[in-house]
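Trainee: Before we start, here is the structure in question, set down as structure tokens.
The values are calculated or read from the model by the stated rules, or taken from the named source; none is laboratory data. Just so it is clear, the structure is predicted and the values come from calculations on it, not from any experiment. Here Cβ is always computed from backbone atoms with ideal geometry, including for glycine, and neighbour counts include all displayed protein chains.
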Amino acid sequence: MIDERSELVARPRQVPGPNPRHVNRDEQLDHAVKVVLGSGTNHVVAFGGLPGIGKTTTARELAHRVGDHYPDGQLFAELDGGANWAGSESQILKEFLLALGDRPEDIPDRLEARRSRYREKTTGSRLLVFLDRAVTASQIRTLTPGAGRSLIIVTEARRATDLSEGGVTVYELDRLSDEAALELLTRIVGAARIAAEPTAADDIVALCDNMPFAIAIVGSMIGRSATFPMAAMATTLRQDSRRYTKLSLVEVFDTALTSLSSAARRCYRLLGLDVHSGIVGLPAVAAALEMPEDKAYEAMVELVEVFLVGERADGRYEACEAVRLHAKHVTDGPQRERDAEAKRMLAHYHRMVVAAIAGMAPARPWAGLLFPAMVVSAAFDRVADGHEWLRIEHRNILAAAGHAFRSGDYELVRQWAVLLWPFYEKDKDLDGLFTLLQLGIKASAEPGSTAVASLLHTQQGYRCYWLRDLDAAEESLRAAVQPAREAKPKAVARQLEASALEGLGLVLLARGRIIEALDVLRHNHKLAVKIKDPRRIALAMLHLAKAEPAELALPRLEQARSLFVRLPSEESENLAKVDMVRGRKLLEQRDFREAVEALKAPLSVMRERRRWFDVGEILVALGDAASGLNDPVQAEERYRDALATFNGLGFAELVTQMHGRITALHGMPE
């Protein structure tokens, strides 16, 4: 049962350490420490203010000061990756659950189920949850732990905190005081240089408008040369800002660019492209600029040194949204050069995606059937390495797919929407899958893309089926059938139609429309026989048996078992499904004891494989068998186990059905 696994088994420490250049927010921090340590319930502390005002630095300082009071762990999430990131609370909840000790196969697919699992797992805990760059109040509510004494620290990219709820403290950060601004500059350039040019130092912090981000960038430019006079920097800033006026961040960025090498400026301009999410790795930068990686590294280090990008723990580089917006409008070089860089970065991501998927799903036929000219030009040493690359780069993959669609590279979008299915299925990132499938379906509206359109509608239908959105699943799968029949050549058309009909039959079964399901699944079986693929035939038999009466289904299941056993691939899960359906059909024949025996082995397999929906269905069947054997105590135990499983998966309708079965039991004789 899912609720057997709710204990906290990991103590993550994800929050970055304090920024050594933090200065003078002691008034707000002292108050915040007093508030949160005096709170007996979950408490939200939010920091708002202008971009570059120091929200994240102040929030990290608070986390450092109170972190020891939250022994159950620290979680960290970046909520606003910019306009090009199709991230979601669902994906962040998955990452939180993994950090808290869940295995990937334990994590449910649906947002509601993940939220329920997260709150159940964290109830009674003392966690520190850091939500950086929140955009909406809904994000904060979704990622707040269960009832306990946890601290949720929020930095707001836009006004996000809901003040109508209790347990919320909001601090609006203003510019640094003159003293704090000078202290920050001193920490960067050193006390000796400040003492040597005190007037120039005062001018610089004033020109930077006492903004921490601006002071950090300008101070870093000064610090890069021990002989460059601060007075000369002040003169430069005055010239750039039309004499004695305060600088905007844009003007600070312009000034910073003048101190960079040509290679670093090219890297900076790359940050403004929409082909990535704002977090880029060195190989992608080097590929886009046609630059050796060691030279690209030196250039990116320059950007790090002047605070235009930050280096992440995974070795990639991250630019804030303000930097990306500025970089987008940098006019160094012609537009065709920028377009060429974007094209090369997209090509890099494509090579890596193709290589990763080639290792993950070598037997999947669709790449060869639909994209016969596609070439695998890169390789990972291990399958796990390719999977890890996809996991790390998933934001960039979606950003790059969006760029490709906007640029009219519809073939690449179609290829990714087909190829990446195994990754998103395995990682249970159904939101990312939805984003990519929607792009792929739109890109398949072009003439000549009928076959791909069919497959993408089928994939979308299965996604909806897993989420139990059966209306949408049926609509998508029906939309897949006709283009499948129109596809060329005929061998591909049969494969596509069979896949669509298989999914449609399962959806109709789930909706209780048995006669329609039977007709569809019979057609699917005929197609499987024509295709002459033993595994497809075995699966078609298995699914058809689900809709047939027991006297037809039981011998068909034995045929399916015989085919699965002879296959060279590992088929223990499908063999368990054969026994699972066999148990149900024995129930239809009121052979309750034999049904119980048939269901024992698949229950063990599905629990071992963490296939929790199948576990729930087997538990229901075992409850029905116990009820048929006039054992209401055993039946109720099975139904309650099934109820807990479906509740953990977020299937409210099935939970209601279990309550109904339990209620009905109380009318049975003891």
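For every residue, the table says whether it meets (1) modelled with pLDDT of 85 or more; (2) basic (K, R); (3) surrounded by fewer than 20 Cβ atoms within 10 Å (Cβ to Cβ).
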position	(1), (2), (3)
L111	yes, no, yes
R114	yes, yes, no
Y118	yes, no, no
T123	yes, no, yes
R133	no, yes, no
G148	yes, no, yes
D162	no, no, yes
G167	no, no, yes
R187	yes, yes, yes
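Trainee: Do we have any residue at all in the range 322-336 that's more than 22 Å from A296 (Cβ to Cβ), part of a helix (DSSP H, G or I) and in contact with a Pro (Cβ under 6 Å, 6 or more places away or on another chain)?
Mentor: Yes, the range 322-336 contains a residue that is more than 22 Å from A296 (Cβ to Cβ), part of a helix (DSSP H, G or I) and in contact with a Pro (Cβ under 6 Å, 6 or more places away or on another chain).
Trainee: Restricted to the range 214-241, and to residues that are under 23 Å from L176 (Cα atoms) and at pLDDT below 80, which residue is farthest from the chain's Cα centre (by Cα)?
Mentor: Checked the range 214-241; the qualifying residue farthest from the chain's Cα centre (by Cα) is R238.
Trainee: Further question on the same structure: Please go through the range 509-545 and pick out each residue that is surrounded by fewer than 21 Cβ atoms within 10 Å (Cβ to Cβ), in contact (Cβ under 8 Å) with a residue 12 or more places away in the chain and charged (D, E, K, R).
Mentor: Selection gives R511, R522, K530, R535.
Trainee: Next up: With respect to G359, is the statement that it is in a helix (DSSP H, G or I), surrounded by fewer than 19 Cβ atoms within 10 Å (Cβ to Cβ) and in contact with a Gly (Cβ under 6 Å, 6 or more places away or on another chain) true?
Mentor: yes
Trainee: Quick check on S562: is it exposed (fewer than 15 other Cβ atoms within 10 Å of the Cβ), within 34 Å of the chain's Cα centre (by Cα) and part of a helix (DSSP H, G or I)?
Mentor: The answer is no for S562.
Trainee: Go through the range 47-72 and give me each residue that's at pLDDT 90 or above, in contact with a strand residue (DSSP E or B) (Cβ under 7 Å, 6 or more places away or on another chain) and not in a helix (DSSP H, G or I).
Mentor: Y70, the sole residue that qualifies.
Trainee: Is there any pair with a first residue in the range 636-663 that is at positive phi and a second that is in a helix (DSSP H, G or I) whose Cβ atoms are under 9 Å apart and which are 6 or more apart or on different chains, and what are they?
Mentor: G650/L111; G650/E112; G650/A113; G650/R114; G650/R115; G650/S116; G650/R117
Trainee: Could you please let me know if E321 is at pLDDT 80 or above and either closer than 26 Å to R395 by Cβ or assigned by TED's automatic domain parsing to the domain that holds N19 (or both)?
Mentor: Considered against the rule, which asks whether it is at pLDDT 80 or above and either closer than 26 Å to R395 by Cβ or assigned by TED's automatic domain parsing to the domain that holds N19 (or both), E321 comes out as no.
Trainee: Continuing with the same structure: For the range 165-180: of the residues being part of a helix (DSSP H, G or I) and either under 31 Å from the mean Cα position of the chain (by Cα) or in contact (Cβ under 8 Å) with a residue 60 or more places away in the chain (or both), which is farthest from P51 (Cα to Cα)?
Mentor: Per the criteria, the residue is E179.
Trainee: Kindly evaluate D314 against the criterion of being more than 31 Å from the chain's Cα centre (by Cα) and farther than 22 Å from L184 by Cβ.
Mentor: Against the criterion (more than 31 Å from the chain's Cα centre (by Cα) and farther than 22 Å from L184 by Cβ), D314 does not qualify.
Trainee: Right, something else. Tally time: how many residues in the range 359-374 are closer than 21 Å to A498 by Cα, of a type in the set (A, V, I, L, M) and modelled with pLDDT of 80 or more?
Mentor: 3
Trainee: What is the residue count in the range 441-458 for residues that are buried (at least 24 other Cβ atoms within 10 Å of the Cβ) and touching a Phe, Trp or Tyr at 6+ places or on another chain (Cβ under 7 Å)?
Mentor: 2
Trainee: Just to check your reading of the model, which residue among K585, K600 is closer than 30 Å to Q559 by Cα and touching a residue at least 40 places away in the same chain (Cβ under 8 Å)?
Mentor: Step by step, each of K585, K600 is checked, and only K585 is closer than 30 Å to Q559 by Cα and touching a residue at least 40 places away in the same chain (Cβ under 8 Å).
Trainee: Which residues, counting only those in the range 200-232, are without any contact (Cβ under 8 Å) to a residue 12 or more places away in the chain and part of a helix (DSSP H, G or I)?
Mentor: Result: A232, single match.
Trainee: Name the single residue, out of those in the range 575-607 being out of contact with any helix residue (DSSP H, G or I) (no Cβ under 6 Å at 6 or more places or on another chain) and either outside any helix (DSSP H, G or I) or of a type in the set (D, E) (or both), that is surrounded by the most Cβ atoms within 10 Å (Cβ to Cβ).
Mentor: D591
Each row is one residue, and each column tells you yes or no for (1) in contact (Cβ under 8 Å) with a residue 40 or more places away in the chain; (2) over 23 Å from S277 (Cβ atoms).
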{"position": "E337", "(1), (2)": "no, no"}
{"position": "I357", "(1), (2)": "yes, no"}
{"position": "L369", "(1), (2)": "yes, yes"}
{"position": "A378", "(1), (2)": "no, no"}
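Trainee: From the list V280, V301, exactly one residue is aliphatic (A, V, I, L, M), over 19 Å from I215 (Cβ atoms) and touching a residue at least 40 places away in the same chain (Cβ under 8 Å). Which is it?
Mentor: Sole residue among the options that is aliphatic (A, V, I, L, M), over 19 Å from I215 (Cβ atoms) and touching a residue at least 40 places away in the same chain (Cβ under 8 Å): V280.
Trainee: Also, quick follow-up: Please give the number of the condition S377 fails out of (1) assigned to a loop (DSSP other than H, G, I, E, B); (2) modelled with pLDDT of 95 or more.
Mentor: So S377 meets the others, but not (2).
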